[in-house]
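Heads up: the structure comes next, in structure tokens.
The values are calculated or read from the model by the stated rules, or taken from the named source; none is laboratory data. None of these values were measured; they are calculated from a predicted model. Reconstructed Cβ throughout: ideal geometry from the backbone, glycine too, with neighbour counts over all protein chains shown. For accessibility, only protein heavy atoms count, side chains too; no ligands or nucleic acids. Shrake-Rupley method; radii C 1.70, N 1.55, O 1.52, S 1.80 Å.
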Amino acid sequence: MASAVSNGSSGSSLIVSFGEMLIDFVPTVSGVSLAEAPGFLKAPGGAPANVAIAVARLGGKSAFVGKLGDDEFGHMLAGILKENGVIGNGINFDKGARTALAFVTLRADGEREFMFYRNPSADMLLKPEELNLELIRSAKVFHYGSISLIVEPCRSAHLKAIETAKDAGALLSYDPNLRLPLWPSAAEAREQILSIWDKAEVIKVSDVELEFLTGSDKIDDADALSLWHPNLKLLLVTLGEKGCRYYTKNFHGSVEAFNVKTVDTTGAGDSFIGALLCKIVDDRSIIEDEERLREVLKFANACGAITTTKKGAIPALPTEQEVLALINGSK
């Protein structure tokens, strides 16, 4: 059982994460509206970038593919990826558009509300011909979200990247990462998120995203399995403080969360999926072995839990040692 997580991280196989990187401005005081916030803490983020750094922080090998503004914030973000050991030769810079910004309100319960500044932002302008196809073809796992599906030309770049990775034999990993304020309508969000659904072999959704995609106001196995498709190997539903549920072709179940003092939930899901990918990149058979998969999901839950104990995503992403300390301390 320990073999699934020990030295976990993975050998040298590459996980490529595609999509947006931006700066979250987080209020210095929790539980207030954006207008009432006395100040903001600058926190680098963007779900695909968070996943890339989560992998690297755990000792895995990761790269990021996306576009940033050719501005101080863009170069700062590229520097953060490099400092964290993420391969950056899939990054493009746009001279005509700014790096995306998001103001994120932390409610009293640690959950978030968003206000985005993308008009357009550089990540929306990534063109198919700007992709580093050699980097994408070298991925063992190719991970992506849905925000890059919202507008052209980034949507075409996203679809080309998926096809390139798939043709090269990569495991496709999808976290929709629903951000409704960015979409023209809820109907458009649902349609576009589901438009690439049947390509992914690993999909992670939150409980809120599951409710949104199924139109149900409850979380049960039937609703989750309504999202199943023939190419899927593993469907994960994260439940916050209630842990996660997992579904494969042959079995399903749940893994409990770790009890921590939550400060900010930003990046918890990214930390969770980054940990999972780190563990399976060199051994996909873990997905088919329930005992080993549960051990890996326990590790991923611990990663997610630790990430909620600090403000901002990237500063809170844990190392392997921190995760094992939490797991061992909870026994």
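Taking the criterion of being of a type in the set (Asp, Glu) and either in contact (Cβ under 8 Å) with a residue 24 or more places away in the chain or touching a Cys at 6+ places or on another chain (Cβ under 7 Å) (or both), the residues of segment 60-108 that qualify are Asp70, Asp71, Asp94. Mind checking whether some residue in segment 264-283 is touching a strand residue (DSSP E or B) at 6+ places or on another chain (Cβ under 8 Å), surrounded by 24 or more Cβ atoms within 10 Å (Cβ to Cβ) and of a type in the set (Phe, Trp, Tyr)? The answer is yes, given that some residue of segment 264-283 is touching a strand residue (DSSP E or B) at 6+ places or on another chain (Cβ under 8 Å), surrounded by 24 or more Cβ atoms within 10 Å (Cβ to Cβ) and of a type in the set (Phe, Trp, Tyr). Can you find even one residue in segment 274-282 that is outside any helix (DSSP H, G or I) and in contact (Cβ under 8 Å) with a residue 60 or more places away in the chain? Yes, segment 274-282 contains at least one residue that is outside any helix (DSSP H, G or I) and in contact (Cβ under 8 Å) with a residue 60 or more places away in the chain.
Looking across segment 231-254, the residues that are open to solvent by less than 70 Å² (accessible area, probe 1.4 Å), closer than 23 Å to Leu172 by Cβ and of a type outside the set (D, E, K, R) come down to Leu232, Leu234, Leu235, Leu236, Val237, Thr238, Cys244, Tyr246, Tyr247, Thr248, Phe251. Of all residues in segment 211-227 being more than 22 Å from the chain's Cα centre (by Cα) and closer than 15 Å to Lys242 by Cβ, which is most open to solvent (accessible area, probe 1.4 Å)? Across segment 211-227, the extreme among qualifying residues is Lys218.
In segment 190-221, of all residues being polar (S, T, N, Q) and modelled with pLDDT of 95 or more, the one that is nearest to Leu234 (Cα to Cα) corresponds to Ser206.
If the condition is being more than 22 Å from Ile147 (Cβ to Cβ), in contact (Cβ under 8 Å) with a residue 40 or more places away in the chain and open to solvent by 10 Å² or more (accessible area, probe 1.4 Å), then segment 15-40 contributes Ser30, Gly31, Val32, Ser33, Ala37. Say whether the condition of being open to solvent by 20 Å² or more (accessible area, probe 1.4 Å), aliphatic (A, V, I, L, M) and over 16 Å from the mean Cα position of the chain (by Cα) is met by at least one residue in segment 192-208. The answer is yes; a qualifying residue exists. Please go through segment 106-154 and give me each residue that is among the hydroxyl-bearing types (Ser, Thr, Tyr), open to solvent by less than 10 Å² (accessible area, probe 1.4 Å) and in a strand (DSSP E or B), ordered by number. Across segment 106-154, the qualifying residues are Ser121, Tyr144.
On the given criteria, is Leu297 more than 28 Å from Thr105 (Cα to Cα) and either assigned to a loop (DSSP other than H, G, I, E, B) or of a type outside the set (D, E, K, R) (or both)?
Details: more than 28 Å from Thr105 (Cα to Cα): yes; either assigned to a loop (DSSP other than H, G, I, E, B) or of a type outside the set (D, E, K, R) (or both): yes.
Answer is yes for this residue.
Of all strands (runs of 3 or more DSSP E) completely enclosed by segment 16-96, which ones contain at least 3 residues that are touching a helix residue (DSSP H, G or I) at 6+ places or on another chain (Cβ under 6 Å) and under 25 Å from His158 (Cα atoms)?
Those strands (runs of 3 or more DSSP E) span 61-69, 87-94.
When restricted to residues that are surrounded by fewer than 24 Cβ atoms within 10 Å (Cβ to Cβ) and among the polar types (S, T, N, Q), segment 47-88 contains 1.
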